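One structure is given below, encoded as structure tokens.
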Amino acid sequence: MLKRQIKERIYWLGGIDWDRRLFDSLIPLPDGTSYNAYLIEGSEKTALLDTVDPTKTEILLQQLSGVQKIDYIVSHHAEQDHSGAIPQVLERYPEAKVVVTPKAVGMLIDHLHLPENVFITVQDGETLSLGDKTLKFYHTPWVHWPETMVTYLEEDQILFSCDFYGSHIAAADLYVTDEGRVYEAAKRYYAEIMMPFRTIIEKNINKLKGLEIRMIAPSHGQIYDRPALIMDAYRDWVMGPPHNIAVIPYISMHGSTQKLVDHLVSALVKNGVRVEPFNLAVTDIGKLAMALVDAGTIVLGAPTVLTGPHPLVAYAAVLANALRPKAKYVAITGSYGWGGKTVDILTQLISNLKVEVLEPVLCKGMPREEDYQAIERLAAEIAGKHRDNGWQ
Ligand code: FEO
């Protein structure tokens, strides 16, 4: 992809990774992704904002051909998908300084072995003049590492947000065209990357609240020329209450847990609760993570394997524990053959979650009438709690 102009002397550069299907060897990327860098040419100085993943270095260097001088490389975030090409850019522009938060210095030295004398550190709220364009830096920790910051280009009112507000989408259109598709991709991204740091992200959102923002240019996905789309979405995901939704990650080995879950789904619907079941034998973990953003209750459906929960349900519990969604209730259901510690083990695995653990419903072998009645009581209890909280 060629360098593309956003406004006069402001350009998008970067690599579009159409084929990437996994990030961090963990996170599914069904729509690929992009690593966006931006070039800003002021009347006196030129700045490159972020670079690209190491796999796209050559493309970035081609896009920079014809650029005589780079004075500053602003590195918002030390993770290699944005910082990975800094060494090669510095080789071509040895006079450039790398502009970072104080915390990023050690991280970039560790990850890229950059020499200490290339850095300029900036404080929260500090500005850097490029002549007729001014970069203002805001420290925004935990979007997505502790050292992260964003840049506000004052004259053009563009927020360069790096991971913050990003989405994993590979697209030829520079700006958001399909808002529904981008909303979903951004939600998936938020769930997998940002959700664990919700309370800190709320502070970052509030810190940027006073800015007039005409455009948000993230380092993944398309540019928002209508920033309200993503800013409103983040406000709901981060600060809004849970929704009247029960998410049920489950698996079944011989059909017993499946029967309990099927009965629970029907009973919840009958009680007015929206339900999203995820059979972990086939589910996309990213979809489960997205559902956890809004869930009021999580119900783990686990058959007992030997003496503990089925490992795929344990995995879902570990994932939820790491992502720390805002759900307030957890329940456990499932079947067992002769005994075990499924409830104890799953409860321990979700110890990070600030939840009330409801009375579990476990059955021995195939469920009987009394087990279905217990499931109906559980559904009524969940519905009552959602109602009491006023969740929509
Ligand atoms: Fe896109 Fe946290 O790096």
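Observations, loosely collected:
- Among residues of segment 214-225 that are under 11 Å from V176 (Cβ atoms), those with a beta-carbon under 8 Å from a residue that is charged (D, E, K, R) and within 16 Å of the ligand (Cβ to nearest atom) at least six positions away or on a different chain give the pairs P218/D163.
- Elements of the type helices (runs of 4 or more DSSP H) sitting completely within segment 66-113 and holding at least 3 residues that are of a type outside the set (G, A, S) and open to solvent by 30 Å² or more (accessible area, probe 1.4 Å): these cover 86-92, 102-112.
- Yes/no for V143 being buried (at least 20 other Cβ atoms within 10 Å of the Cβ), under 30 Å from L323 (Cα atoms) and either at pLDDT below 95 or not assigned by TED's automatic domain parsing to the domain that holds D71 (or both): yes
- For segment 79-96, a residue qualifies if it is within 9 Å of the ligand (Cβ to nearest atom) and either touching a strand residue (DSSP E or B) at 6+ places or on another chain (Cβ under 8 Å) or hydrophobic (A, V, I, L, M, F, W, C) (or both), and the qualifying residues are D81, H82.
- Of the numbered criteria (1) among the aliphatic types (A, V, I, L, M); (2) within 16 Å of the ligand (Cβ to nearest atom); (3) more than 27 Å from H168 (Cβ to Cβ), the one I70 fails is (2).
- Taking every residue in segment 161-179 that is without any contact (Cβ under 8 Å) to a residue 12 or more places away in the chain and among the β-branched types (V, I, T) and pairing it with any residue that is within 11 Å of the ligand (Cβ to nearest atom) and open to solvent by less than 20 Å² (accessible area, probe 1.4 Å), at least 6 positions away or on another chain, yields no pair with a Cβ-Cβ distance below 6 Å.
- For segment 18-58, taking the residues that are touching a helix residue (DSSP H, G or I) at 6+ places or on another chain (Cβ under 7 Å) and not in a loop (DSSP other than H, G, I, E, B), the one that is nearest to the ligand (Cβ to nearest atom) is identified as Y35.
- Pairs are defined by a Cβ separation below 6 Å, a sequence spacing of at least 6 or placement on different chains, a first member in segment 80-102 that is polar (S, T, N, Q), and a second member that is within 16 Å of the ligand (Cβ to nearest atom) and outside any helix (DSSP H, G or I); the pairs so defined are S83/S75; T101/H139; T101/E147; T101/M149.
- Segment 326-360, residues that are polar (S, T, N, Q), touching a strand residue (DSSP E or B) at 6+ places or on another chain (Cβ under 9 Å) and free of Cβ contacts under 8 Å to residues at least 24 places away in the same chain: T347
- Flag for K136 being under 25 Å from R198 (Cα atoms), within 16 Å of the ligand (Cβ to nearest atom) and not in a loop (DSSP other than H, G, I, E, B): no
- Check on T127, within 16 Å of the ligand (Cβ to nearest atom), open to solvent by 10 Å² or more (accessible area, probe 1.4 Å), on the phi < 0 side of the Ramachandran plot and not aliphatic (A, V, I, L, M): no
- Segments classed as helices (runs of 4 or more DSSP H), wholly inside segment 253-369, with at least 3 members that are in contact with a helix residue (DSSP H, G or I) (Cβ under 6 Å, 6 or more places away or on another chain) and either under 24 Å from D236 (Cβ atoms) or hydrophobic (A, V, I, L, M, F, W, C) (or both): 256-270, 285-294, 311-323
- Residues that are within 16 Å of the ligand (Cβ to nearest atom) and over 22 Å from I70 (Cβ atoms), drawn from segment 97-124: K103, D110
- Restricting attention to segment 139-158, the residues being within 11 Å of the ligand (Cβ to nearest atom) and of a type in the set (D, E, K, R) number 1.
- Condition check for P249: assigned to a loop (DSSP other than H, G, I, E, B) and crowded, with 18+ Cβ neighbours inside 10 Å: no
- Scope segment 159-191; condition more than 16 Å from the ligand (Cβ to nearest atom), aromatic (F, W, Y) and within 22 Å of D236 (Cα to Cα); matching residues: Y183
The values are calculated or read from the model by the stated rules, or taken from the named source; none is laboratory data. Not measured: the values here are computed from a predicted model. We place every Cβ from the backbone using ideal geometry, glycine too, and count neighbours over all the protein chains shown. The accessibility values were calculated without ligands, DNA or RNA, using every heavy atom of the protein model including side chains. Shrake-Rupley method; radii C 1.70, N 1.55, O 1.52, S 1.80 Å.
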